[in-house]
Every structure is written in C-alpha cells, then in structure tokens.
Amino acid sequence: MATRTRLQTIDADAHVVESERTWDYLEPSEEKYRPRLFTTPDDHTKTYWVVDDKIAGLRLPNLSDYDLEQFSEFAGRNVVTPQAAREMDDVELRLKHMDELGIDIQVLHNTLWIEQVTTKPAADVALCGSWNRWLAHIWKQGEGRLRWSCLVPTTSLPDAVDQMRFAKENGAVAVCMRPIEGNLSLTDPYFYPIFEEASKLDMAIAIHIANGNPANCELHRSFPEGLTARSFAMFRGPTVVACHTLLLSRMHEDFPTLRWGFIEASCEWIPWIYREASRRFTGEGRPFPVDAFREFGIFVTCQTDEDLAYVLKYAGEHSLVIGTDYGHFDPSSEVDAITIFRQNQDISEESKERILHHNPKALYNL
C-alpha cells in the first residue's frame, strides 16, 4: 500500500516583533527617520516607538519569560515565546521552536504598523523599506520556512510597487494592508495600483487587524471602557467591516484572481457577514454565490475556541486558515493553537487538513 505523503502545517498568522535592529536596514540617507525606543520611567515593561517626535505604531510591553508564563496561566492560553525568536535575533531558535510546535511554515506579519506610523512619504518609504529588507534577510536564513507579508508605503504608490517587487523576489507571499488607511477604505480606487501589481505578482492581500485612522483610534481611546474593549473596537471591528465591504464591492470583477486574507479577527462573525451581504445582494437584484468566500477569494483565520462546524456552513470548506499569533500575547495569541486544533472533534479530518495546509497554501501561493 502506498505511503501517504505528510502535508506541511502552515501557520497563517505569526509575527515578528520589531527591535532597534530592525532599522539597521535603513539606507544611510534615511537614518534621520530611524524610530527611537523609549521606556516609561516608572514601568520598565512599557516602551514606545517614537517617529518624528511622536509616539507611533504598536510596541508590545517588554515582558520577561516569567511574566509571560504568569500571563499564560491567567489567560488559560500558552503565549510564551523566547524573546530572541520573536524578535528574530536567533532565527535558528525560531525554527527549533516551530519544530516543537509541529509547524512547518510560518507566514510572518509586522507588529508596529497596527496603527499609523507616519504620514510623510519619505519616512514611509524609508521605514517600510527597512522592514522589508529585514524580513528578506530573515527569509534567507529561514530555510524556506519563514515567509512574510510585505509592507507598502501607501503615501507613495510608485515606491509601494517597487517594494512589492523586491519583496516577492525575497520570500514575501502577501501585501499587508490595514482595513482603514487614513480616510480611505480598503476598497478605495486609490489602492488599485497595489491590487493590480499584487495580481501580477500572484501575491495575496493580507488585511491584518489594524486601524490606520488616528482620529478613529483616539475616539475609542476616549471611551471609559478598559483597554481590551477599546482594542476590539479599534482593530477587530474595522477588519470585519472591511470584509463585508469587500463582499459587497465589485473588486472580484476588477481583480478576479486576487486573494484576500483577513487575519487575526477570529471567524465566528462569518455567518453574520454572509447573511448581511446576501440580503443586500438580493435587494440590488444580484445573485449571491452559495460559496461566496471561495468565489471572491476570501480567507479568514480561525481560533481554537470557535464553533467551526457552524462557521464552515457559511465560510465553506476552502476559506478558513489558522494562526498562532506567535510573538504576541493578546486575545488571539495561542502558541499551541495547531496542537489544540488537531484535537477538535467537531469537524472532519479532511476539514482540518484544508485549514492546516490546503487553504493557507492557496491563500499564500506556497
């Protein structure tokens, strides 16, 4: 009897955490844009990136291994990762940890750009370029196991296209986009040059939870609710809305081969979005595909504690992927997600294979 080939396990949502070494890839003429890292005097765990004399983007608290272990025990989810692995100072250590977790390939996303970093085109080009060159260097050390979503300076579209081409040649499999970019939505025609180039390069668009509208972020920060509630509204909410907007748009007609990944927003909202879009299609006299997410090239990351059997009725068998959120310790993070997912008794082994291998392979063209 023929031996069955083992399928590679693909972690569709893993991270690199930027450090001061990330900016060593700036060109000499771009050093004036180097972000600076500051620490809060009364709390050594709180650090901030400063760009153009302003706090910018996201910097995770600087937690020790003991702190992460305590957090994991409290949260009931393993979020412990070695600092040298999550900041990519030791790529070999990262690969070794992946082996321990049963992961063959990770697709790496940024951490800093969850919020707007700069509005200055020259700084935007410089910082995205340095990050992309850093990831290219990591990919070259990663034995083909560390793929990534590139950053694009949306303030300068010609430079964005150039950086996409460089990224494609150096291991990138997607273009990272925020669901809101300044005052523009994801489907705004302004971004068409990016989508056209992504189609040519056969790269996915990875819409990671984020919010590139500072006013919207500050609005939610002004609310009295705790940080967890505010971050849901700031980052996950816009990502779900962007998926709904994409379904209702004509993007699948303008870019029929383009694939869209909605990353780290969980997936139990899919039935709601599916029904909402279906009703609006009907109201416009448009037929709504039964397998709409597959038809429109949309993929969504799931989490281990979700009712996947129910979600699959709406998402279809070809649209869910899973990620560990490696390197972070927010509500989406679960370093052991792959192992826990394999123990799920509510869905078939065939569905598990699709979510762990076939679907992320299709999304990222691996």
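The values are calculated or read from the model by the stated rules, or taken from the named source; none is laboratory data. Keep in mind it's a predicted model, so treat the numbers as computed, not measured. Neighbour counts are summed over all protein chains in view; Cβ atoms, including those assigned to glycine, are modelled from backbone coordinates with ideal geometry.
Considering the stretch 183-226, and only residues there that are without any contact (Cβ under 8 Å) to a residue 60 or more places away in the chain, in a loop (DSSP other than H, G, I, E, B) and not hydrophobic (A, V, I, L, M, F, W, C), the residue that is nearest to GLN163 (Cα to Cα) turns out to be ASP188. The single residue among TRP139, TRP134 that is hydrophobic (A, V, I, L, M, F, W, C), buried (at least 17 other Cβ atoms within 10 Å of the Cβ) and in contact (Cβ under 8 Å) with a residue 60 or more places away in the chain turns out to be TRP134.
Within the stretch 41-53, the set of residues being without any contact (Cβ under 8 Å) to a residue 60 or more places away in the chain, within 22 Å of CYS217 (Cα to Cα) and surrounded by 12 or more Cβ atoms within 10 Å (Cβ to Cβ) comprises LYS46, THR47, TYR48, VAL50.
Of all residues in the stretch 334-353, those that are under 24 Å from GLY171 (Cα atoms) and either of a type in the set (S, T, N, Q) or buried (at least 23 other Cβ atoms within 10 Å of the Cβ) (or both) total 1.
For PRO28, the requirement of being surrounded by 12 or more Cβ atoms within 10 Å (Cβ to Cβ), more than 21 Å from the chain's Cα centre (by Cα) and at pLDDT 85 or above is not met. Checking each residue in the stretch 1-22 for being crowded, with 20+ Cβ neighbours inside 10 Å and under 18 Å from GLN83 (Cβ atoms) picks out ALA14, HIS15, VAL16, VAL17, GLU18, THR22. Selection of the stretch 66-82 for residues being free of Cβ contacts under 8 Å to residues at least 60 places away in the same chain and either more than 27 Å from ASP305 (Cβ to Cβ) or touching a helix residue (DSSP H, G or I) at 6+ places or on another chain (Cβ under 8 Å) (or both) yields only PRO82.
Of the residues screened, ALA277 is one that is farther than 30 Å from LYS96 by Cβ, in contact (Cβ under 8 Å) with a residue 24 or more places away in the chain and among the small types (Gly, Ala, Ser).
Would you confirm, using the coordinates I've provided, whether PHE299 is touching a Ser or Thr at 6+ places or on another chain (Cβ under 7 Å), more than 21 Å from CYS243 (Cβ to Cβ) and either assigned to a strand (DSSP E or B) or not basic (Lys, Arg) (or both)? No. Those strands (runs of 3 or more DSSP E) of the stretch 1-119 in which at least 3 residues are closer than 17 Å to TRP134 by Cβ, considering only elements entirely within it, cover 105-109.
Yes/no matrix, rows are residues, columns are (1) under 18 Å from the mean Cα position of the chain (by Cα); (2) modelled with pLDDT of 90 or more; (3) over 19 Å from HIS328 (Cα atoms); (4) in a loop (DSSP other than H, G, I, E, B):
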{"site": "ARG230", "(1), (2), (3), (4)": "no, no, no, no"}
{"site": "PHE235", "(1), (2), (3), (4)": "yes, yes, no, no"}
{"site": "THR239", "(1), (2), (3), (4)": "yes, yes, no, no"}
{"site": "ALA242", "(1), (2), (3), (4)": "yes, yes, yes, no"}
{"site": "LEU246", "(1), (2), (3), (4)": "yes, yes, yes, no"}
{"site": "LEU258", "(1), (2), (3), (4)": "yes, yes, yes, yes"}
{"site": "SER266", "(1), (2), (3), (4)": "yes, yes, no, yes"}
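Just name the residue that is modelled with the lowest pLDDT out of those in the stretch 315-357 that are small (Gly, Ala, Ser) and part of a loop (DSSP other than H, G, I, E, B). Among them, the one singled out is SER332.
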